[in-house]
1. Report ³J(HN,Hα) in whole Hz for each residue of segment 265-272, in order, from the Karplus equation J = 6.51 cos²θ - 1.76 cosθ + 1.60 where θ = phi - 60°; Gly and Pro get x.
2. Could you tell me which of ALA106, TRP25, SER2 has its Cα farthest along the dipole of the chain towards the positive end, charges placed at Cβ (Lys, Arg +1; Asp, Glu -1), taken about the Cα centre?
3. Tell me the GluC sites (Glu not before Pro) within segment 59-110 that lie in a loop according to DSSP and have at most 13 other beta-carbon atoms within 10 Å.
4. Taking H placed 1.01 Å from N in the peptide plane, check which residues at least 5 places from THR258 or on another chain put their amide H under 5 Å from its amide H.
5. Report, ordered by chain and residue number, the lysines lying within cross-link reach of LYS230, taken as a straight Cα distance under 25 Å and ignoring same-chain residues fewer than 8 apart.
6. How large is the charge dipole for segment 3-90, taken about the Cα centre, if only the Cβ atoms of Lys, Arg (+1) and Asp, Glu (-1) carry charge, to the nearest 20 debye?
7. Quick check on segment 74-121: what are the equivalent-ellipsoid semi-axes from the Cα gyration tensor, as sqrt(5λ), descending, whole Å?
8. With bins 5 Å wide starting at 0, give me the P(r) of segment 176-247 over every alpha carbon pair, in whole percents.
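Throughout, read-outs are computed from the coordinates displayed, never taken from laboratory work. All figures in this text were calculated on a predicted structure; none of them were measured in a lab. With ideal geometry, Cβ positions are generated from the backbone for all residues, glycine too; neighbour counts draw on all protein chains shown.
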Amino acid sequence: MSDDLERLRADAVVSLSQAADLRAWDAVRVGVLGKSGSLTALLKELGKAAPDERRARGAALNALRDELTQLIEARRMVLDEQALQARLAAEKLDVSLPARPREPGAIHPISRTIEEMSAIFGAMGFTVGEGRDIENDWFNFGALNIPGHHPARADHDTFYLPGTRDGRPLLLRTQTSDVQIISMLEQEPPIRVIAPGRTYRADHDATHSPMFHQCEGLVIDRGITLGHLKGCLIDFLRAFFGVEQLPVRFRSSYFPFTEPSMEIDIGWNRKTGELGGGGDWLEVLGAGMVHAKVLANCGLDPREWQGFAFGLGIERFTMLKHGISDLRTFYDGDPRWAQHYGFNPLAPANLIEGI
Ligand code: DAH
């Protein structure tokens, strides 16, 4: 190889080894192989050489171009790899560390409400059941006296899932009332159970979330009357809201799984949001005496066993008790919201103010 090519090669090799990043590397590449690059200039001059010399020098230049092209490419791969390693090191995340070390956790108001409801009903002798988020349509509808053509099925905007269980279509339960059926099938009466849990409906706006929480209640025994239902729910409402003389009103209504059925209102002041006086009514519960067909669906003889059931929205109870105005904030996961509305898990036990 002639001296000038030898020099060009040596210069290129040194510059390449000194190119510490892709930008410097590209400058070397353009400086050698680019339009006005040093090697390109020599290739252009080739035409001026005498034919004999041209052949030999042409071959040497081509060989040098191939060699440098390979060296340049190899250097790029080294630099790429270095850049990747540097990035991986810089973006390294230790997933075992706490996500937000400076934000202390808090008990979510929904969890707190569930704890309070469990404590109040627990004191009345209820156990806490659970049910299943994924249910078949017999537990969610059929056994509750809501047959296939019943309009309540359409009202519920149900999320159906692929597949079946026990030959019945699967769905995300739209209500915790499935726990009535589960409890009656799995337990011998007398039964006293509440079941707080997640429920799902295809609905999303300021007052609806596709996932929300309900709490179901069921009492089955001999000689149960509407009087038991009223006494139990009045006590519960006054204890939960901590208002001793909270006005409670029972209004006749309809649910397929209870007969008679009722909706239950509490007294409040619509303007101030204060519970108790104020002369306005707010609906908070659905309830009724368990329908004879539902008892029979669970193998209980309605002439021997009676009962009452109720269902409530946990978000609604939580919003009313703590003055939270927007349902969507419950699920935003904003730590500032959790700090403001959440509860200190280490605070001294002061769970139930009302009982
Ligand atoms: N499951 C009803 C709903 O989601 C609420 C309800 C009403 C539950 C009356 C009951 C009841 O147990 O007796 O709207």
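1. Once rounded to whole Hz, the list reads 10, 10, x, 7, 10, 4, 6, 9.
2. The one lying farthest along the dipole's positive direction is SER2.
3. GLU91
4. Placed amide hydrogens put HIS291 under 5 Å from THR258.
5. LYS293, LYS321
6. Charge dipole, segment 3-90, about its Cα centre: 280 debye, nearest 20.
7. Equivalent ellipsoid semi-axes, largest first: 51, 10, 6 Å.
8. 3, 13, 17, 17, 19, 16, 11, 4, 1
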